[in-house]
Amino acid sequence: MLRFMAALFILTFHYYDDAPTKVQIMEPLMKQGWLATNFFMMLSGLVMARAYANNISEGHINFESFMLKRYARLIPSHAVVLIVFGIIIYGLTLFGFRPQHPQAFTLHGWLEQLTLVYSWGFEDTPAWNLPTWTISSLLICYAIYALVIGHLKKLSLGNLVVLLAVILISANLFSHYVFHRRMVELALQFSLGRAIPFFMMGVIAELMTRGLMVNKTQYFIWATTFLAGIIFFAYENTNSVFNDNAILLLTCAFMAISSRVTFNETTITKEMGKASYSLFLVHTPIQIIGFRILKIIEDRLHLPEIALWGIWFTMIAFSIAFAFMFQKYVDKPLSQITTKLLKRNRKVAIA
């Protein structure tokens with residue numbers, strides 16, 4: 001459920017650029033778009049720590065097998081989206097519907113995204129399915145995680161707290177003195193500078209809260225407190241390093257406490273969790289193609305603002321519905337195929 005909400009927030013932030021008008025009350029929050037990315041990366045770290053910490057540290061899965069498994073999970077559906085996206089953009093261009101920013105749709109950028117090296121310092125131009133820079137960054141985060149998790153598991157709570165502080169302070173200082181920018185707004189070319197700290201914060205949050213369980217009442221009290229703090233610092237809108245780090249720590253705390261409460265899962269919430277990766281993958285291509293076509297229609301029909309808002313919300317609903325369909329008919333089958341291939345190769349290697 002948390003993964004789906006993170007993907008939905010990323011979608012809303014991106015689609016807000018195509019809203020008919022800017023909503024004043026939403027402006028401070030929308031200017032903190034990195035919130036969604038930081039939550040996504042932290043959550044990825046927490047999930048990895050929970051799912052693989054014991055297996056890796058105890059030697060049940062080696063580094064190569066872990067990385068191959070993660071790469072096989074990420075790239076098939078990503079490749080399908082990018083290939084179809086490329087075909088559509090090329091087809092629209094042939095019929096005279098050129099992208100608004102042609103420089104963002106080069107073959108070079110497409111190949112970098114396809115191979116998931118997009119955020120490794122080679123590219124500084126936002127291009128194609130832009131949010132997939134986080135997937136590219138995750139491969140590096142996974143590698144670092146697999147190498148250090150055995151050591152991290154041995155640390156005491158106090159040492160984990162110190163390590164969390166060291167990571168956060170070091171990342172801020174590095175960003176300030178090397179790139180002369182706030183860590184949370186590092187350019188695409190240097191995005192690993194924020195992806196790695198965010199991911200490791202999630203890993204440490206999971207390790208720090210091992211064995212902790214909270215009931216629903218405790219959860220709502222703490223969650224409300226953390227969310228109120230996040231909203232307060234976001235709306236203060238000072239763009240200060242202090243505010244950035246306050247939001248980061250509160251987000252990390254909210255995520256950690258949310259992972260320590262048990263709710264009765266329904267079929268809908270299970271499907272939402274499964275569709276989160278698909279929603280993350282498909283929403284930007286739908287935005288670029290859909291809103292481009294709608295812009296042409298709008299210019300010709302001169303629709304009233306209320307109609308434009310109706311279209312905007314419809315696009316969000318369509319993207320969510322499409323993500324569920326994509327998960328069922330593309331992502332799930334591809335995941336099953338790659339899992340079978342990995343198991344078959346493992347049996348062959350053992351034999």
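The values are calculated or read from the model by the stated rules, or taken from the named source; none is laboratory data. On a predicted model such as this, the values are computed, not experimentally measured, just so you know. Methodologically, a virtual Cβ is constructed for each residue, glycine included, from the backbone with ideal geometry; neighbour enumeration extends over all protein chains shown. Each accessible area value is taken on the protein alone, full model and side chains, heavy atoms only, with ligands, DNA and RNA left out. Shrake-Rupley method; radii C 1.70, N 1.55, O 1.52, S 1.80 Å.
When the charge dipole of the chain is built from unit charges on Cβ atoms (+1 for Lys and Arg, -1 for Asp and Glu) and taken about the Cα centre, the candidate among P304, M67, T284 whose Cα reaches farthest toward its positive end is M67. Other residues whose C-beta falls under 13 angstrom from the C-beta of A53 contribute a net charge of +2, scoring Lys and Arg +1 and Asp and Glu -1.
Within straight-line reach of K340, meaning a Cα separation under 30 Å, sit the following lysines at least 8 residues removed in sequence or on another chain: K69, K270, K274, K328, K332.
Computing mean projected area of the Cα convex hull in nm² directly from the structure and comparing it against (1) 19.8; (2) 25.8; (3) 16.3 singles out (1). Summed over the residues of region 1-142 and divided among them, the accessible surface reaches 46 Å² per residue at a probe radius of 1.4 Å. For the options G150, G310, G96, a Gaussian network treatment of the chain with springs between C-alpha atoms closer than 10 Å singles out G96 as fluctuating the most. For region 85-96, putting each phi into the Karplus relation 6.51 cos²θ - 1.76 cosθ + 1.60 with θ = phi - 60° gives couplings of 4, x, 5, 5, 4, 5, x, 5, 5, 4, 8, x Hz, in residue order, rounded to whole numbers and with x for Gly and Pro.
For the chain, with all protein chains present and a 1.4 Å probe, just round the carbon and sulfur fraction of the accessible area to a whole percent.
67 percent
From the Cα gyration tensor of region 235-351, with a ≥ b ≥ c the square roots of its eigenvalues, which class applies: rounded if a/c is under 1.5, or else prolate if a/b is larger than b/c, or else oblate? Oblate, because a/c is 1.5 or more while a/b does not exceed b/c. Between H302, H14, H78, the Gaussian network model of the chain with springs among Cα atoms under 10 angstrom shows the greatest mean-square fluctuation at H302. With springs connecting C-alpha atoms under 10 Å apart, model the chain as a Gaussian network and identify which of F242, F280, F291 has the largest mean-square fluctuation. Result: F242 has the largest fluctuation of those listed.
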